[in-house]
Amino acid sequence: MGSIVPVKKAIVLLNLGGPSSFEEIRPFLFNLFYDPAMVTLPGPLRYLLAQVISRGRLKKARIIYGHLGGGSPILKNTKAQAAALEEELGDSSRVFIAMRYSSPMIQETVEEVKAYNPDEILLLPLYPQYSTTTTQSSFKEWKKASQNLTIPTRYIWSYPTEDGFLEAIKELTLTKYREAKIVGNPRVLLTAHGLPEKIVKKGDPYQHHVEQTAKKLIEKLGVNSLDSVLCYQSRVGPLKWITPLIEDEIKKAAQEKRPLVVVPISFVSEHSETLVELDIIYRKLALQEGCPSYHRVETVQTHPSFIKGLAHLVKGETRCFLSII
């Protein structure tokens, strides 16, 4: 009886990406705002608007990425996650990276996967909570770029309550919570990237998924009478966004002289929204408004529990929202 040949899998980690240098900032912004998932205008108008917005936001974006040495660390972080997952999965799987708005773009990765010639492809978004603006946009772009591929492809849509993901956040949070407790009774802000309210009203499940993550995390933390608030960050433009906003919750905590523990629950790696928004802008706001201390929990990155959780998703050992094309 012959030995069983393992299925050769290509795992593709999907992420938004970010500019790696000052020169890449404007192309990144253009790609972001040219995406129909972000701006729902006809192609020619969307192209013109993306040109205007990318020029208009360039100066502010250069300041933001200046704090990070001129570029986002997200590609470096994602490569580290890919390497850790590949090691966890073993020899029969290779992990690729595909970014939506910066290199390596999805089209580039499709060609790499094609050359690898796997038996199966699995798309694994690094967005635990599904949104039309992130997961769906990446899936659509992959389908468009891979039309000539005949390799069976599975899509993991979301995993907002995946146990390894939550276990990693829990461990990181409890460390900061204990630090904050020395100063007083902490208020825990569970923060997620915001979304315009009109997108949620159209049926986008992102807010619901974020609420699921928050609920399960609170249960897992097991802190008696935990004072926690789910809030949203990164609002831009004139549209009404889902609330409460993190800046409002920071000011409330400051008025009550409460130490703050800020927990990112929709980000799995460090980038401008964590390293600049949370660590610089909101830290400064909290301390200026009177918070006695400010403690920001790291993202899960390559935490062993998170990587094991991703491996369980790949192997089908964890319940998730999955489709097969």
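Quick one: is Ser138 out of contact with any Phe, Trp or Tyr (no Cβ under 6 Å at 6 or more places or on another chain) and loosely packed, with under 14 Cβ neighbours inside 10 Å?
On the way: out of contact with any Phe, Trp or Tyr (no Cβ under 6 Å at 6 or more places or on another chain): yes; loosely packed, with under 14 Cβ neighbours inside 10 Å: no.
When the stated conditions are applied, Ser138 does not pass them.
Spot the failing condition for Ile63; the list is (1) under 27 Å from Thr274 (Cα atoms); (2) surrounded by 14 or more Cβ atoms within 10 Å (Cβ to Cβ); (3) at pLDDT 90 or above; (4) over 17 Å from the mean Cα position of the chain (by Cα), and only one is missed.
Among (1) under 27 Å from Thr274 (Cα atoms); (2) surrounded by 14 or more Cβ atoms within 10 Å (Cβ to Cβ); (3) at pLDDT 90 or above; (4) over 17 Å from the mean Cα position of the chain (by Cα), the lone unmet condition for Ile63 is (2).
Out of the residues in the range 181-214 that are within 26 Å of Gln255 (Cα to Cα) and of a type in the set (Gly, Ala, Ser), which is surrounded by the most Cβ atoms within 10 Å (Cβ to Cβ)?
Ala192
Mind telling me which of the residues Val12, Val110, Val7, Val39 ends up being surrounded by fewer than 18 Cβ atoms within 10 Å (Cβ to Cβ), within 22 Å of Arg154 (Cβ to Cβ) and among the aliphatic types (A, V, I, L, M)?
Details: Val12 fails: surrounded by fewer than 18 Cβ atoms within 10 Å (Cβ to Cβ); Val110 fails: surrounded by fewer than 18 Cβ atoms within 10 Å (Cβ to Cβ); Val39 fails: within 22 Å of Arg154 (Cβ to Cβ).
From the options Val12, Val110, Val7, Val39, the qualifying one is Val7.
Does at least one position in the range 94-110 carry a residue that is in contact with a strand residue (DSSP E or B) (Cβ under 9 Å, 6 or more places away or on another chain), within 29 Å of Thr213 (Cα to Cα) and of a type in the set (Phe, Trp, Tyr)?
yes
Among the residues of the range 268-312, how many are in a loop (DSSP other than H, G, I, E, B), over 18 Å from Lys181 (Cα atoms) and among the β-branched types (Val, Ile, Thr)?
Of all residues in the range 268-312, those in a loop (DSSP other than H, G, I, E, B) come to 268-271, 290-293, 297-303.
With over 18 Å from Lys181 (Cα atoms) added as a condition, the list becomes 268-271, 299-303.
From what is left, the residues that are among the β-branched types (Val, Ile, Thr) are 268, 299-300, 302.
Of the residues in the range 268-312, 4 are in a loop (DSSP other than H, G, I, E, B), over 18 Å from Lys181 (Cα atoms) and among the β-branched types (Val, Ile, Thr).
Looking at the range 313-321, can you tell me whether even one residue there is farther than 18 Å from Leu245 by Cα, in contact with a Cys (Cβ under 9 Å, 6 or more places away or on another chain) and modelled with pLDDT of 95 or more? Write out each step before concluding.
Within the range 313-321, the first condition is being farther than 18 Å from Leu245 by Cα, and the residues that meet it are 313-321.
Narrowing the set further to residues that are in contact with a Cys (Cβ under 9 Å, 6 or more places away or on another chain) leaves 313.
Now drop any that are not modelled with pLDDT of 95 or more, which leaves 313.
Checking the range 313-321: at least one residue is farther than 18 Å from Leu245 by Cα, in contact with a Cys (Cβ under 9 Å, 6 or more places away or on another chain) and modelled with pLDDT of 95 or more.
Just wondering, is there one or more residues in the range 140-148 that are in a loop (DSSP other than H, G, I, E, B) and touching a residue at least 60 places away in the same chain (Cβ under 8 Å)? Walk me through it before giving the result.
The initial filter retains those residues of the range 140-148 that are in a loop (DSSP other than H, G, I, E, B), namely 146-148.
Filter once more, keeping what is touching a residue at least 60 places away in the same chain (Cβ under 8 Å): none.
No: zero hits.
Which residues, counting only those in the range 203-225, are touching a residue at least 40 places away in the same chain (Cβ under 8 Å) and more than 22 Å from Arg258 (Cβ to Cβ)? Lay out the reasoning, then the answer.
Filtering the range 203-225 down to residues touching a residue at least 40 places away in the same chain (Cβ under 8 Å) leaves 204-206, 209-210, 212-214, 216-217, 220-221, 223.
If the condition is that a residue be touching a residue at least 40 places away in the same chain (Cβ under 8 Å) and more than 22 Å from Arg258 (Cβ to Cβ), then Asp204, Pro205, Tyr206, His209, Val210, Gln212, Thr213, Lys216, Lys220 are the ones that fit.
Only one of these is part of a loop (DSSP other than H, G, I, E, B), surrounded by fewer than 21 Cβ atoms within 10 Å (Cβ to Cβ) and not aromatic (Phe, Trp, Tyr): Leu68, Leu49. Name it.
Leu68
The values are calculated or read from the model by the stated rules, or taken from the named source; none is laboratory data. All values derive from a computational prediction rather than experimental measurement. Cβ sites come from the backbone with ideal geometry, for glycine too, and all protein chains shown count toward neighbours.
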